[in-house]
1. Which of the residues that make up the stretch 31-84 are open to solvent by 30 Å² or more (accessible area, probe 1.4 Å), touching a strand residue (DSSP E or B) at 6+ places or on another chain (Cβ under 8 Å), farther than 17 Å from Ile487 by Cβ and basic (Lys, Arg)?
2. Tell me which residues, restricted to the stretch 494-518, are in a helix (DSSP H, G or I) and either closer than 23 Å to Ser46 by Cα or open to solvent by 30 Å² or more (accessible area, probe 1.4 Å) (or both).
3. Answer yes or no: is there a residue in the stretch 427-434 that is farther than 30 Å from Gly357 by Cβ, open to solvent by less than 50 Å² (accessible area, probe 1.4 Å), in contact with a helix residue (DSSP H, G or I) (Cβ under 6 Å, 6 or more places away or on another chain) and modelled with pLDDT of 80 or more.
4. With respect to Leu231, determine if the residue is in contact (Cβ under 8 Å) with a residue 40 or more places away in the chain, part of a strand (DSSP E or B), under 26 Å from Ser625 (Cβ atoms) and out of contact with any Pro (no Cβ under 6 Å at 6 or more places or on another chain).
5. Could you grab me the full set of residues in the stretch 96-116 that are of a type in the set (Ser, Thr, Tyr) and either in contact with a strand residue (DSSP E or B) (Cβ under 6 Å, 6 or more places away or on another chain) or buried (at least 17 other Cβ atoms within 10 Å of the Cβ) (or both)?
6. With the condition kept exactly as written, say whether any residue in the stretch 356-370 is open to solvent by 40 Å² or more (accessible area, probe 1.4 Å), touching a residue at least 40 places away in the same chain (Cβ under 8 Å) and within 28 Å of Gly16 (Cα to Cα).
7. Checking the structure you have, find out if any residue of the stretch 36-56 is at pLDDT 90 or above and within 30 Å of Glu613 (Cα to Cα).
8. Looking at Arg122 and the list (1) buried (at least 18 other Cβ atoms within 10 Å of the Cβ); (2) within 16 Å of Lys110 (Cβ to Cβ), which single condition is not satisfied?
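The values are calculated or read from the model by the stated rules, or taken from the named source; none is laboratory data. Since we're looking at a predicted model, the values are computed, not measured. Neighbour counts are summed over all protein chains in view; Cβ atoms, including those assigned to glycine, are modelled from backbone coordinates with ideal geometry. Heads up: the accessible areas ignore ligands, DNA and RNA and are worked out on the full protein's heavy atoms, side chains in. Shrake-Rupley method; radii C 1.70, N 1.55, O 1.52, S 1.80 Å.
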Amino acid sequence: MLFMNLLSVKEISKIGRETPLFENVTFGLQENQKAALIGRNGSGKSTLLNTIAGVLSPDSGEIVFNREAKIAFLPQEPVYNPEDTIARHIFHSTSENLKIIERYEELCEKMSQNNLSEALKREYEKILTQMDSKALWNYESQVKSVLQTLKINDMNRKMSSLSGGMIKKVALAQVLVDDTNILLLDEPTNHLDIQTISYLQDYLTKTRRSVLMVTHDRYFLDSVCSTIYELDKGKIKLYEGNYSSYLEKKETEREILINTERRIESVLRFEREWLLRGPCARGTKIKARIQRDEQLINREKFHEDSGFTFEVKGRRLGGKILELHKISKFFQKGYSAQSQGSENPVIKNFSYTFSKGQRIGLYGENGSGKTTLLNIITGKLEPDEGYVVTGENTHFGYYTQNLQIKDSSLTVLEYIKETAERMTLNEGKKEVSASRFLEEFGFTGKIQHSPLSCLSGGERKRLYLVRLLLENPNFLILDEPTNDFDIFTMNLIEQFLLNYEGCLLIVSHDRYFMDKIADSLFILESDGSISGFVGKCSEYIELQKEEKKDTSVQNVQKKSQEPQNPVQEQTVQKKKLSYKEQREFEELDKEIPVLEAEAKQLEEKMSGSNFEEINKAQIRYKEISSLLETKYARWEELASLL
């Protein structure tokens with residue numbers, strides 16, 4: 001099957017602070033292609049993505065888009081007007097279709113408030129005609145599906161009132177609902193909870209839109225991307241396949257290069273002896289041989305990664321490590337004459353005794369109380385009920401999301417040297433300088449002598465984690481440590497944590513990291529209770545999906561078997577459903593059977609022998625399955641109001 005080329009990047013270059021970030025980079029993106037840019041921190045991935053998006057200009061070369069190409073760009077730090085409402089931000093687009101849907105939503109909202117003027121009715125009828133003529137109902141349904149799944153409900157809230165995680169969700173919704181065929185995504189999983197990342201992964205896997213993204217989430221890469229572009233030392237290289245395939249190919253390349261180096265060195269041992277004898281360079285063959293030898297001697301040699309690993313001598317943990325006794329924490333729900341300042345539990349009646357060597361991950365949606373629990377454990381926040389007992393020998397190392405550095409005038413090197421001038425690593429078997437140690441974490445060259453005030457927020461956090469690990473805590477608490485590290489540095493951190501003998505408590509949206517490091521979970525529920533799960537994070541996610549799917553199907557089947565009284569049903573809907581919700585429920589009642597029927601037809605096609613038909617049927621079947629899952633859930637939600 002032939003795919004149209006949508007994007008061509010031709011020999012573009014960009015100069016960084018000291019040296020070129022990348023030079024003469026050339027590659028392309030086809031329709032329906034899912035590609036990732038990977039590379040070490042500072043290699044220029046985000047700069048390249050911003051250059052393609054038109055935010056930055058290349059120093060040389062050109063970027064050419066197909067006439068059919070339309071782009072939606074999600075930057076690493078979303079750009080927004082604080083005074084805009086969520087609706088204004090999301091529907092800020094040049095797409096005519098999206099503007100029609102925006103106006104339709106606005107009119108539905110007005111009509112639900114019984115604002116039924118003749119002018120409004122006429123405009124509403126006009127919008128309905130446009131929705132019908134442009135066949136936008138399915139698109140409108142997809143827009144609502146994205147907003148509902150991301151739990152963006154109050155569209156009138158101002159952007160300035162949102163948390164960092166919610167701003168990222170709104171920015172993500174903006175690019176997903178936009179009427180485009182290319183998605184440029186820079187670290188799309190940062191600041192999202194695991195449930196939202198799982199949804200985004202499924203969406204990108206099934207969509208026909210082309211994707212070019214930068215991400216350090218390895219599960220995400222494996223599931224979504226079929227093409228990897230590696231940006232290394234200013235050059236770009238293509239690897240077909242997902243991230244696991246990329247790793248296999250890199251290992252094969254490494255073995256080939258090592259063997260090639262051995263063969264060259266073997267040849268050069270003989271050639272050097274011959275050159276030392278001073279051969280007469282008069283003959284053409286002799287000249288060519290000397291020239292070839294000089295080229296081999298001066299070649300760019302293959303250097304393996306240093307294989308740097310580090311361990312620190314662990315502090316001894318006492319018999320009593322940490323005990324939580326029936327702790328609870330409440331937040332103010334809001335004051336009114338009726339509520340009288342009622343409170344909701346963030347954490348409710350939780351008790352636990354920690355043991356040596358435990359590795360526990362905290363799992364819950366954004367706002368479920370994960371950071372609150374960590375702050376109570378470390379004494380930064382007092383519980384409203386219950387108490388915490390910390391062992392005498394327990395020494396916390398707490399990596400927080402809101403980093404505060406006391407003296408920003410210190411240089412990077414001075415900041416690390418406050419912990420140690422030289423690092424004694426691997427239980428005393430190895431010693432490295434502070435400067436050498438920093439290089440392994442991406443702080444090379446002049447940046448080591450730059451003041452902390454000159455570092456980006458991500459660089460400060462990365463530096464702080466390095467120092468924290470060297471301070472040798474025996475109870476390590478990490479609150480979202482993975483946002484500011486590339487994949488290669490993450491492997492280094494993971495290796496350290498796997499050999500770590502103290503207690504670990506981790507909050508992370510990176511499922512690969514959680515699976516590798518945590519062997520059990522604290523599940524923070526919406527009612528403030530905390531339950532336990534023994535197993536990996538990905539196992540719990542799959543369990544949740546299966547349970548949700550089974551419940552949705554059972555509820556739909558149960559509802560369809562109940563006797564219906566159309567007259568009574570319509571009366572109740574008018575009482576409990578808004579005008580917009582009533583119409584949506586009626587549409588779902590029509591759409592679900594049609595999609596179910598199409599799914600059955602596709603199942604028959606997939607059992608055929610025509611490969612091209614099977615391939616098309618499989619793509620469409622995935623889309624329908626995803627749509628049905630969302631529509632079942634929404635139908636159930638609206639049906640509960642009947």
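1. Within the stretch 31-84, Lys70 is the sole residue that qualifies.
2. The first filter runs over the stretch 494-518 and keeps only residues in a helix (DSSP H, G or I), leaving 494-498, 511-517.
Listed by number, the residues that qualify are Gln495, Leu498, Arg511, Tyr512, Phe513, Lys516.
3. Within the stretch 427-434, the first condition is being farther than 30 Å from Gly357 by Cβ, and the residues that meet it are 433.
Cutting the leftovers down to open to solvent by less than 50 Å² (accessible area, probe 1.4 Å) gives us 433.
Next, from what is left, pick out any that are in contact with a helix residue (DSSP H, G or I) (Cβ under 6 Å, 6 or more places away or on another chain): none.
Checked the stretch 427-434: no residue is farther than 30 Å from Gly357 by Cβ, open to solvent by less than 50 Å² (accessible area, probe 1.4 Å), in contact with a helix residue (DSSP H, G or I) (Cβ under 6 Å, 6 or more places away or on another chain) and modelled with pLDDT of 80 or more.
4. Values: in contact (Cβ under 8 Å) with a residue 40 or more places away in the chain: yes; part of a strand (DSSP E or B): yes; under 26 Å from Ser625 (Cβ atoms): no; out of contact with any Pro (no Cβ under 6 Å at 6 or more places or on another chain): yes.
For Leu231, the condition - in contact (Cβ under 8 Å) with a residue 40 or more places away in the chain, part of a strand (DSSP E or B), under 26 Å from Ser625 (Cβ atoms) and out of contact with any Pro (no Cβ under 6 Å at 6 or more places or on another chain) - is not met.
5. At the first step, the residues of the stretch 96-116 found to be of a type in the set (Ser, Thr, Tyr) are 104, 112.
Once the filter is applied, which keeps residues that are of a type in the set (Ser, Thr, Tyr) and either in contact with a strand residue (DSSP E or B) (Cβ under 6 Å, 6 or more places away or on another chain) or buried (at least 17 other Cβ atoms within 10 Å of the Cβ) (or both), the stretch 96-116 yields only Tyr104.
6. Just the residues of the stretch 356-370 that are open to solvent by 40 Å² or more (accessible area, probe 1.4 Å), to begin with: 356, 358, 365-367.
So of that shortlist, the ones also touching a residue at least 40 places away in the same chain (Cβ under 8 Å) come out as 356, 358, 365-367.
Then keep just the ones that are within 28 Å of Gly16 (Cα to Cα); that gives none.
Within the stretch 356-370, not a single residue is open to solvent by 40 Å² or more (accessible area, probe 1.4 Å), touching a residue at least 40 places away in the same chain (Cβ under 8 Å) and within 28 Å of Gly16 (Cα to Cα).
7. Among the residues of the stretch 36-56, at least one is at pLDDT 90 or above and within 30 Å of Glu613 (Cα to Cα), which makes the answer yes.
8. (1)
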